[in-house]
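First comes the structure, then the notes that go with it.
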Amino acid sequence: MSARILQGEVGIEEAVTTLAAGGLVALPTETVYGLAALAQDARACARIFEAKARPLSDPLIVHVPGPEWLERLADPDPLTRLLAETFWPGPLTLISPKKPCVPDLCTAGEPTVALRMSAHPLFLETLSRLNEPVAAPSANRFGRISPTSAQHVFDELGAKIPMILDGGPCVHGIESTIVQTREGVIHILRQGPVTRSQLEPFGKVSSQPTGASAPGTLKSHYAPQTPLRLIPRDEEAPRHAKGVRVGLLAWRNARPGFDAVEVLSAQGDPVMAATVLYGAMRRLDARGLDAIWAETPPASELGDAILDRLRKAAASQ
Ligand code: AMP
Ligand code: MG
């Protein structure tokens, strides 16, 4: 199999037909590309795990066509409902107790389900025609860098899925914020584009783990194949041995002494950096370098979300 990359109306039609038949389709969202299949069809969900080589212990995020699905699939508390009303469609994933119609396979046996409504126009249009929720984790092989373009998906999964709906590059570039509410407290399970200060008007916000299994919070994740190491942004880069080929993920222009440099944002803008982060990691990974050094992001909420991804990429070696 070799995935077809389709665009526009033709792509949406084909995506709806393939999904309705229980097949896999990679779809663009505003965060990263997702690998979608019918959420309420356990066999379709199984195809996602198989294509990604994802452990069955790692639950899938379910994307809904509209806010009314929150209560069709789950039993949300009032605060979760308020967060959905406020942030959907958008890059916020909400965890609630699941209803029996959500297959256990999809939630990896958890009694809870992670729900989100994407704001991407192609994703929304596909789901509104399908009129069914889809499970859609990032469209990469397990543990690898999340894809932010149709070509990235093709490189990761082109041999395993029939089609990719091409919506151009993703706007945010890093995965959704995941939260779970408990007794009025909003627990952030994964940092992302919706920040702590955006959540604070709605309740006390905590970044302490709740005990829920949130595999996005695995220590190692989002990893290139080349060993990656974090270095402080404000210091001179440490020297590396002669003959060792090192690439740099940089926050400034003009860093001599490296075999390849990808500048995330010369202005130090974390929004810009997030959108190009995974593409830059992929390009460096393709250069056959001995190591990638990543400068730490400037301190900010989104900067911290980027640092979280870089730490996980560094931890996997
Ligand atoms: P991704 O593969 O990048 O889409 O990540 C999906 C992430 O959603 C997982 O890694 C988990 O962290 C999170 N998730 C999905 N379902 C649940 C759940 N029921 N409870 C807690 N976290 C969940
Ligand atoms: Mg992922």
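Binned at 10 Å from 0, what are the whole-percent values of the Cα-Cα distance distribution for the range 277-317, short to long?
All Cα pairs considered, the percentages come to 26, 56, 17, 1.
Helix 270-285: angle to the longest alpha-carbon principal axis of the chain, degrees 0 to 90, nearest 10?
Once rounded, one gets 70 degrees.
As I understand it, the dipole of the range 151-199 uses +1 on the Cβ of Lys and Arg and -1 on the Cβ of Asp and Glu, about the Cα centre. Which of Leu199, Ile164, Phe154 lies farthest toward its positive end?
After comparing all options, I get Leu199.
Each label point is 7 Å from the Cα along the Cα-to-Cβ direction; what then is the distance between the points at Asp234 and Ala46, in nm?
5.5 nm
Among Pro238, Pro103, Pro147, which one shows the highest mean-square fluctuation when the chain is modelled as a Gaussian network with alpha-carbon springs under 10 Å?
Answer for the Gaussian network model of the chain: Pro238.
Please compute the length gained on full extension between Phe202 and Phe142, using 0.36 nm multiplied by the number of residues separating them and subtracting their Cα-Cα distance. Can you show the working numbers first?
On the way: separation 60, 0.36 × 60 = 21.60 nm, distance 3.37 nm.
Gain in length upon complete extension: 18.2 nm.
Could you please tell me the mean projected area of the C-alpha convex hull for the range 223-317, averaged over all directions and given in square nanometres to one decimal?
On the way: hull surface 21.7 nm².
Convex hull of Cα atoms, orientation-averaged projection: 5.4 nm².
Does anything in the range 136-155 have its amide N under 19 Å from the 7 Å Cα→Cβ label point of Gln267, and if so which residues?
none
Asn131 versus Cys101, label points 7 Å from Cα toward the beta carbon: distance in nm?
It is 1.3 nm.
By counting other Cβ atoms within 10 Å of each Cβ, how are His63, His172, His240 ranked from fewest to most?
On the way: His63 28, His172 23, His240 15.
Taking fewest neighbouring Cβ atoms as first place, the list is His240, His172, His63.
Using a 10 Å cut-off on Cβ atoms, rank the peptides 129-140, 13-24 from the highest mean neighbour count down.
Numbers: 129-140: 23.4, 13-24: 17.8.
So the order, starting with the most tightly packed, is 129-140, 13-24.
Distance between the C-alpha centers of the range 125-143 and the range 67-100? Whole Å please.
Going from one Cα centre to the other spans 17 Å.
I need to check one value: relative contact order of the chain, counting alpha carbon pairs closer than 8 Å and at least 6 residues apart, in percent. Walk me through the intermediate numbers first.
Working: 719 pairs, mean separation 62.2, N = 317.
Result for the chain is 20 percent.
In terms of Cα to Cα distance under 28 Å, which lysines are near enough to Lys204, apart from those fewer than 8 places away along the same chain?
Answer for Lys204, where 28 Å is the Cα cut-off: Lys98, Lys99, Lys219, Lys312, listed by chain and number.
With angles folded into 0 to 90 degrees, how steeply does helix 8-20 sit against the dominant principal axis of the chain? Use alpha carbons for both and round to 10.
That works out to roughly 60 degrees.
What do you get for the angle between helix 301-315 and the principal long axis of the chain? Use alpha-carbon atoms, 0 to 90 degrees, nearest ten.
80 degrees
Taking only Cα atoms of the range 46-121, what ratio of Rg to Rh do you get with Rh as the Kirkwood inverse-distance radius?
My calculation of the ratio gives 0.98.
Expressed in nm to one decimal, what extension gain is obtained for the pair Arg255 and Arg81 from 0.36 nm per residue of sequence separation less their Cα-Cα distance?
On the way: separation 174, 0.36 × 174 = 62.64 nm, distance 4.78 nm.
Extra length available between Arg255 and Arg81 comes to 57.9 nm.
List the pair-distance distribution P(r) of the chain, using every Cα-Cα distance, as the percent of pairs falling in each 10 Å bin from 0 up to the bin containing the longest distance, rounded to whole percents.
6, 28, 34, 22, 8, 1, 0
Taking amide H positions as placed in the peptide plane 1.01 Å from N, state which residues far from Arg229 in sequence (5 or more) or on other chains have amide H under 5 Å from it.
Excluding prolines and chain starts, which carry no amide H, the hits are Ile292, Trp293, Ala294.
On a C-alpha basis, how far is the centre of the range 252-287 from the centre of the range 149-184 in Å? Whole number, if you could?
20 Å
Multiply the residue separation of Leu56 and Val10 by 0.36 nm, subtract the distance between their alpha-carbon atoms, and state the gained length in nm to one decimal. List each step's numbers first, then the result.
Values: separation 46, 0.36 × 46 = 16.56 nm, distance 3.30 nm.
The Leu56-Val10 span can extend by a further 13.3 nm.
Sort largest first and round to whole Å: the equivalent ellipsoid semi-axes of the range 12-74, each the square root of five times a Cα gyration tensor eigenvalue.
On the way: eigenvalues 60, 50, 33 Å².
For the range 12-74, the ellipsoid semi-axes come out as 17, 16, 13 Å.
On the first, second and third principal axes, largest extent first, how far apart are the outermost C-alpha atoms of the range 25-184 in Å?
Between the extreme Cα coordinates on each principal axis of the range 25-184 lie 43, 29, 28 Å.
Read-outs: derived from the displayed coordinates by stated rules, not from any lab. It should be emphasised that the depicted structure is a prediction, and the values quoted were computed from it without experimental measurement. Glycine also receives a Cβ, built like all others from the backbone with ideal geometry; neighbour counts cover every protein chain displayed.
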